[in-house]
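*Asks:* There's a structure below that I have some questions on.
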Amino acid sequence: MSAAQLPDQVDAVVVGAGLAGLAAARAVHTAGRSVLVLEAGDGVGGRLRTDVVDGFTLDRGFQVLLTAYPEVKAQLDLDALDFRRFDPGALVWTGRRLYTMADPRRRPSLMVASGVAPVGAMLDKVRLAGLVHRLRKKDPADLLRAPDRTTIQSLRDIGFTTRMIDRFFRPLLGGIQLDEGLTGSARMSDVVLHCLAVGDAGVPAKGMQAIPEQLAARLPDRAVRLGHEVVSVGQGEVRLAGGRVVRADAVVVATEGPVASRLLADETGHTAVADPGSRPVAAVWFAAPAPPVHHKLIILDGAHSGPALNVAVMSSVAPEYAPDGQTLVVAACPGVAPADDEGRAVLAAEVRAQLTRWWGRGVADWRVLRVDAIHHGQPEHRPPFDPKRRVALGDGMFVCGDHRDTPSIQGALFSGRRCGNAVVESLAG
């Protein structure tokens, strides 16, 4: 669609059709105001995109949705997403074999196996049970208001041994938060553990992009326009590549943090939104003739035997992710994002060698479907972490995204909704 077919004026224009932008647009639309969402890419979702490759469903990076996020309950319909769940718990590679670690409250049949797993000392298991019990009873908002420190310091202060931290917490939290060093906010780690304890992790049957597509479907026809790159924003207007200008009473920048910082900078380089920093991640997707394990559990590399911290047999969790008779395996590698095809090939070879040590020579027959290299997987969130940054910048300018709240799907959805509400309030004034 050409820029000439865009409206000249709307109440609010949103730059970016990721989760935050779509949530903001929905709040504006629900209030009866006109809204236009401009997206440079060829689909909605931002970092939540999905492609079909040789019949396999590949998300762009290994991502899961945690059902305990408050905004999931408020903004999404999990039944309509045909949600597929991982089993609670994990398999942990210790360097010799895989052992099961599970919450005995949710998987009582695995209590003995979890108790004897050489992932940590028995006292570590007792402390883990106590931590989960404490976090289960907490409200996530209260956890985000607690005194902050690094995750590694928090775990050490609780009394967990180095073996427990290295074999369990580094691959679990490091994989989810793209932080193998556990240098990020303990507040955020506690929220993640709370959500894992009280809810499920999983994916829509058609892939993670089904989430933003559900949000976009609730907006009016032609409210979301794809393939329109915004090159600058200012009070009351946005300018597109090619020179077209769309005017609006409210302008919302709903891009990822580094892009928002650049768009909101003036001619001197001063910006209203600081670049939050980026945590990179890569994912290697394999097609296999058969599943290497018959579990719907995430697999953690507790031995740090290669670049992959987390591995999942996606077709065991969501059979729709693979053609009949085929298996889809993904290996997530936080902290790296190869810059070119050669780097991607090297990473894939390293991951294959890592998984061969786990499952033997059969891994040599697995076919690499794709290697995702995501330079901005999440914004930084080092302590002291501020979980609620301003979204109203003044003069009709607004910003939202997971860099304004928490680096998560929850943060993107919540930031977008509260930004949209702030826009509505400003338009009413």
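*Asks:* Just to check your reading of the model, which residue among G269, G277 is at positive phi, free of Cβ contacts under 8 Å to residues at least 40 places away in the same chain and not hydroxyl-bearing (S, T, Y)?
*Replies:* G269
*Asks:* For V44, indicate whether it is on the phi < 0 side of the Ramachandran plot, under 21 Å from the mean Cα position of the chain (by Cα) and among the β-branched types (V, I, T).
*Replies:* In short, yes.
Let's see how each residue does on (1) modelled with pLDDT of 95 or more; (2) within 29 Å of K138 (Cα to Cα); (3) among the hydrophobic types (A, V, I, L, M, F, W, C):
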{"residue": "S2", "(1), (2), (3)": "no, no, no"}
{"residue": "V10", "(1), (2), (3)": "yes, no, yes"}
{"residue": "V13", "(1), (2), (3)": "yes, no, yes"}
{"residue": "T30", "(1), (2), (3)": "yes, no, no"}
{"residue": "A40", "(1), (2), (3)": "yes, no, yes"}
{"residue": "G45", "(1), (2), (3)": "yes, no, no"}
{"residue": "V64", "(1), (2), (3)": "yes, yes, yes"}
{"residue": "Y69", "(1), (2), (3)": "yes, yes, no"}
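*Asks:* Restrict the check to segment 371-386 and report whether at least one residue is without any contact (Cβ under 8 Å) to a residue 12 or more places away in the chain and within 25 Å of D405 (Cβ to Cβ).
*Replies:* yes
*Asks:* Need a quick list: strands (runs of 3 or more DSSP E) entirely within segment 357-429 having at least 1 residues that are in contact with a Phe, Trp or Tyr (Cβ under 9 Å, 6 or more places away or on another chain).
*Replies:* In segment 357-429, the matching strands (runs of 3 or more DSSP E) lie at 367-379, 392-394.
*Asks:* Looking at (1) outside any loop (DSSP other than H, G, I, E, B); (2) surrounded by fewer than 21 Cβ atoms within 10 Å (Cβ to Cβ), which is the one condition that is false for G174?
*Replies:* So the condition that G174 fails would be (2).
*Asks:* Within the set of pairs 6 or more residues apart or between chains, which connect a residue that is free of Cβ contacts under 8 Å to residues at least 12 places away in the same chain and closer than 19 Å to H381 by Cβ inside segment 147-163 to a residue that is aromatic (F, W, Y) and loosely packed, with under 15 Cβ neighbours inside 10 Å with Cβ atoms less than 6 Å apart?
*Replies:* none
*Asks:* Can you confirm whether segment 85-93 contains a residue that is over 27 Å from Q326 (Cβ atoms), among the aliphatic types (A, V, I, L, M) and out of contact with any Cys (no Cβ under 9 Å at 6 or more places or on another chain)?
*Replies:* No, segment 85-93 contains no residue that is over 27 Å from Q326 (Cβ atoms), among the aliphatic types (A, V, I, L, M) and out of contact with any Cys (no Cβ under 9 Å at 6 or more places or on another chain).
*Asks:* So which strands (runs of 3 or more DSSP E) are wholly in segment 236-351 and hold at least 1 residues that are surrounded by fewer than 22 Cβ atoms within 10 Å (Cβ to Cβ) and of a type in the set (D, E)?
*Replies:* It comes to 237-240, 245-253.
The values are calculated or read from the model by the stated rules, or taken from the named source; none is laboratory data. Here the structure is a predicted model, which means the values were calculated and not measured. Please note: Cβ atoms are built from the backbone with ideal geometry, for glycine as well, and neighbour counts cover all protein chains shown.
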